[in-house]
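The structure appears right after this line, and notes come after that.
The values are calculated or read from the model by the stated rules, or taken from the named source; none is laboratory data. A quick note: this is a predicted structure, and the numbers were derived from the prediction, not measured. A quick note on method: Cβ atoms are made from the backbone with ideal geometry, for glycine too, and the neighbour counts reach across all protein chains shown. We work out accessible area using only protein heavy atoms, side chains counted, and drop any ligands, DNA or RNA first. Shrake-Rupley method; radii C 1.70, N 1.55, O 1.52, S 1.80 Å.
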Amino acid sequence: MATAQTLEQESNPWEQQAARFNLAAEKLKLDAGLWRVLQQPNREIIVHIPVAMDNGQLEVFTGYRVQHSIARGPAKGGVRYSPDVTLDEVRALASWMTWKCAVVNIPFGGAKGGIICDPKNMSRGELERMTRRYTSELIEFIGPEKDVPAPDVNTNEQTMAWMMDTYSMHMRQTVTAVVTGKPLNMGGSRGRREATGRGVMIICDESIKKNNMTRENTRVIIQGFGNVGSNAAVLMHKAGYKVVGIGEWDGGLYNSKGMDIAALWEYRQKEGTIHGFKGAERADTEELLITDCEILIPAATENVINSGNAHKVKAKILVEGANGPTTAAADDVLSDKHVFVMPDILANAGGVTASYFEWVQDRQGYFWKESVVNSQLEDIMVSSFEDVVRYAEAHQVNNRIAAYMLAIDRVAYTIKQRGIYA
Ligand code: GLU
């Protein structure tokens, strides 16, 4: 069992990222110079943003934008609003975006942004003013060819609309391709909202096929009912999976026979919470992570599977809907238990893949049907799954290290070919 001290050390996302990066780089026998280049983010921006609050007071929020790499294309990645945001977390998330975009082979680098704030206790006006000032502070660092933000934890289509508008006002013209995850009527893409959840389902489909299982006999537990978890739940329920557990930050639901997720979705729309839903019993979210099932999908926050509970995980397949839900120490435990792990940089890449489609559509001014978006997404997710699994088998490493190796190799190759400008 881990002590509180080790669990705390284990929870620094930057160190979790570095542990995996170093292991994969070592296996790849990565050139020492390229190792040094890729280990650090390219650029880290810190802004202190003054915002006029509704009570007439001025508040100052700290925000970050970290651009890890632009080797393969413009930096790409979401912006999160949370009291827990730290520079180390944003750094880790930025480098994960570089690896994620390389795993699915789309022409982007990696970035991430965040503001330390408590969005649940801010008014719409306060959020709008904070978003606009953050965007204007970053004005020379973002752009369709430079760095393209998107939604992440606690940000959404409305946040992207404000960012797009602020950037456009500075440019004196409407520039829809500066952000992705926008509303449909201003350059958003059909299918983007569901894309991360859909990608998670596609990875589950491929994983069960690989393990000779069927949807109907597969019990699924999902931690998180936000954009990723709820869309994955709805799509997977419709496809025939048995969703037996849903965990939220304030408690969860369990029904061994499977829940009617369409009804749960409607209930949550009406009540604003999943609690009180009649089709399941109340359950403890921590307990759900170690409850018997075939597929476990952590789709909320970081470090939820760690050395304290990894040995109790009963799922055969772990599909990471969130970024960084498993610590490096837990990787070894899961590996020993032969859990089939689908790492975040592959499993949740459906979101940024649809963002890529949105960016392409914005730049062309031509918008695709949802069926086109979904089938292009499926093509990319399925072939990336095959690439990672094949790589793991060929190099005798687990799927996570295979995904990192594949990604690092692609980015390193590009840097070598471009050469270092001096
Ligand atoms: N925030 C999402 C992620 O972590 C999406 C990023 C994007 O679409 O740029 O992958």
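Accessible area of Asp84, 1.4 Å probe, to the nearest 10 Å²?
110
If I model the stretch 283-410 as equal point scatterers sitting on the Cα atoms and use the Debye formula, what is log10 I(q)/I(0) at q = 0.16, 0.18, 0.21, 0.22 Å⁻¹?
-0.84, -0.99, -1.19, -1.26
Show me the trypsin sites (Lys or Arg not before Pro) within the stretch 102-207 that DSSP assigns to loop and that have at most 11 other Cβ atoms within 10 Å of their Cβ.
Working: sites: Lys112, Lys120, Arg124, Arg129, Arg132, Arg133, Lys146, Arg172, Arg190, Arg192, Arg193, Arg198; in loops: Lys146, Arg172, Arg190.
Answer by residue number: Arg172.
What is the ratio of the Cα radius of gyration of the stretch 357-408 to 2.2 N^0.38 Å, where N is its residue count, to two decimals?
1.53
Out of Ile203, Ile116, Ile297, any idea which swings most in a Gaussian network model of the chain, alpha carbons joined below 10 Å?
Of Ile203, Ile116, Ile297, the Gaussian network model singles out Ile116 as fluctuating most.
So how much accessible area does His170 have, in Å² to the nearest 10, using a 1.4 Å probe?
The accessible area comes out at roughly 100 Å².
Report the net charge of residues surrounding Asn212, where surrounding means a beta-carbon distance below 12 angstrom and charges are Lys +1, Arg +1, Asp -1, Glu -1.
Summing Lys/Arg as +1 and Asp/Glu as -1 gives +2.
With springs connecting C-alpha atoms under 10 Å apart, model the chain as a Gaussian network and identify which of Leu58, Leu184, Leu296 has the largest mean-square fluctuation.
Evaluated over the chain, the most mobile residue of the options is Leu58.
Roughly how many whole Å is it from the C-alpha centroid of the stretch 236-286 to that of the stretch 148-227?
21
So what are the radius of gyration and Dmax for the Cα set of the stretch 162-221, in Å?
Reported Rg and Dmax, both Å: 18.6, 56.
Evaluate the relative contact order of the stretch 39-193 (contact order divided by residue number), counting alpha-carbon pairs under 8 angstrom at least 6 apart; express in whole percent.
So the answer I get is 22 percent.
Would you mind checking the pairs Lys76/Lys210; Lys209/Lys242; Lys257/Lys316; Lys182/Lys369; Lys209/Lys238; Lys76/Lys182 and listing those with alpha carbons more than 22 angstrom apart?
From the list (Lys76/Lys210; Lys209/Lys242; Lys257/Lys316; Lys182/Lys369; Lys209/Lys238; Lys76/Lys182), the Cα-Cα distance tops 22 Å for Lys76/Lys210.
Going through the stretch 282-376, which trypsin sites (Lys or Arg not before Pro) have at most 12 other Cβ atoms within 10 Å and a DSSP loop state?
Working: sites: Arg282, Lys312, Lys314, Lys316, Lys337, Arg363, Lys369; in loops: Lys314, Lys316, Lys337, Lys369.
Those satisfying the criteria are Lys369.
Averaging sequence separations of C-alpha pairs under 8 Å and six or more residues apart, then dividing by the length of the chain, give the relative contact order as a whole percent. Don't skip to the answer; put the middle values down first.
On the way: 860 pairs, mean separation 70.7, N = 422.
The value is 17 percent.
Taking only the alpha-carbon atoms of the chain, what semi-axes of the equivalent ellipsoid follow from 5 times the gyration tensor eigenvalues under a square root, in whole Å, largest first?
With the √(5λ) rule applied to the chain, the semi-axes are 31, 27, 22 Å.
Among Ala283, Ala233, Ala102, determine the one that fluctuates most according to a GNM of the chain built with springs between C-alpha atoms less than 10 Å apart.
Of Ala283, Ala233, Ala102, the most mobile in the Gaussian network model is Ala283.
Give me a comma-separated list of calculated 3J(HN,Hα) values for the stretch 192-201, in order, Karplus coefficients 6.51, -1.76, 1.60 applied at θ = phi - 60°, integers in Hz, x for any Gly or Pro.
For the stretch 192-201, the Karplus-derived couplings read 5, 4, 8, 4, 5, x, 5, x, 4, 5 Hz, x marking Gly and Pro.
In the stretch 215-286, which chymotrypsin sites (Phe, Trp or Tyr not before Pro) are in a loop and have at most 16 other Cβ atoms within 10 Å, using DSSP for the loop call?
Answer in residue order: Trp249.
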